[in-house]
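Enquirer: Dropping a structure here in structure tokens format, bear with me for questions.
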Amino acid sequence: MPTGTTGELYVRSGMVFSGYYGLPEESERVFRDGWLKTGDYMYRDRDDYLYLAGRSQHRIKTGGLNVFPEEVEAVLRRIPNVREVMVFGKPHEHWGEQVTALIQWRGDRPLSMEEVKQYCREELPSYKIPKACIAVDEFIYTSSGKIARQSMQQQALKGVMS
């Protein structure tokens, strides 16, 4: 891929597994000509370092453009009073999905939606800026300590969160 362009990472090595036991169709989906499709989207800088843009299963499609939540989350985490954040695509009638942020605020002064947008404008193109923020009191985590993205998204869509 050209420098700065995002693309899916494929790997091939003697250390890569040969497929899922008893699941030939699933194995066929993750391999292409001996290369394993990781589901990770990467980009390369001028010094040939690779950076994670995001995971294919987290990708948001808004107005025909791809947004990787991980990129938006990295920007939002730099806001001093953000304790934790998760970004997902909320279904939207016109755009397909709407970039939405779940934010656990630190302290007693949450930022307004306009303040969040203003902060993001300095580092993100407009289509990647959250169109909605939902304040949450706490996040659900998996046993490995990662945010339980699916559970959090389901609760947000059901309107369980404040």
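FYI, it's all coordinate maths here, none of it is from the lab. Because the structure is predicted, anything quoted here is derived from the model rather than measured. A quick note on method: Cβ atoms are made from the backbone with ideal geometry, for glycine too, and the neighbour counts reach across all protein chains shown.
Enquirer: Given R₀ = 41 Å, FRET efficiency for Arg46-Ser112 by Cβ-Cβ distance, to 0.05?
Expert: That pair, Arg46 with Ser112, gives E of 0.65.
Enquirer: Over the stretch 25-162, what relative contact order in percent results from Cα pairs under 8 Å that are six or more residues apart?
Expert: Over the stretch 25-162, the number comes to 16 percent.
Enquirer: Taking θ = phi - 60°, what integer Hz values does the Karplus form 6.51 cos²θ - 1.76 cosθ + 1.60 yield along the stretch 100-107, in sequence order, with x for Gly and Pro?
Expert: With the stated coefficients, the stretch 100-107 comes to 10, 10, 9, 10, 9, 7, 9, x Hz.
Enquirer: Still on this model: Counting Lys and Arg as +1 and Asp and Glu as -1, each charge on the Cβ, what is the dipole of the chain about the Cα centre in debye, to the nearest 20?
Expert: Dipole magnitude for the chain comes out near 140 debye.
Enquirer: Separate question: If each DSSP helix of 4+ residues adds -39,500 (n - 2.57) and the sum is divided by the residues in the chain, what number results at 222 nm, nearest 500 deg cm²/dmol?
Expert: Using -39500 (n - 2.57) per qualifying helix, the result is -6000 deg cm²/dmol.
Enquirer: Now for a different question. Return the lysines within reach of Lys131: Cα separation strictly under 21 angstrom, same-chain partners fewer than 8 residues apart disregarded; answer none if there are no such residues.
Expert: Lys61, Lys90, Lys117, Lys158
Enquirer: Also, quick follow-up: Let me know the charge dipole size of the stretch 65-149 about its Cα centre in debye, to the nearest 20, where only the beta-carbon of Lys, Arg (+1) and Asp, Glu (-1) is charged.
Expert: Value, rounded to 20: 100 debye.
Enquirer: At a threshold of 8 angstrom on Cα-Cα distance, excluding pairs fewer than six apart, so keeping six or more, what relative contact order does the stretch 7-56 reach in percent?
Expert: 37
Enquirer: Return the distance in nm (one decimal) between the two label points of a simple spin-label model at Ala74 and Glu122, each offset 7 Å from Cα along Cα→Cβ.
Expert: Rounded to a tenth, the inter-label distance reads 1.7 nm.
Enquirer: Sort Thr100, Thr62 so that the residue with the fewest other Cβ atoms within 10 Å of its own Cβ comes first and the one with the most comes last.
Expert: Thr62, Thr100
Enquirer: In addition: How about the stretch 72-116: which trypsin sites (Lys or Arg not before Pro) there lie in a loop by DSSP and see at most 14 other Cβ atoms within 10 Å?
Expert: Arg78, Arg106
Enquirer: Relative to the present Cα-Cα distance, how much length would full extension add between Tyr10 and His94 at 0.36 nm per residue of separation?
Expert: In short, 26.9 nm is gained.
Enquirer: Can you tell me how the stretch 59-158 classifies by the Cα gyration tensor, rounded, prolate or oblate, using a/c under 1.5 as the rounded cut?
Expert: oblate
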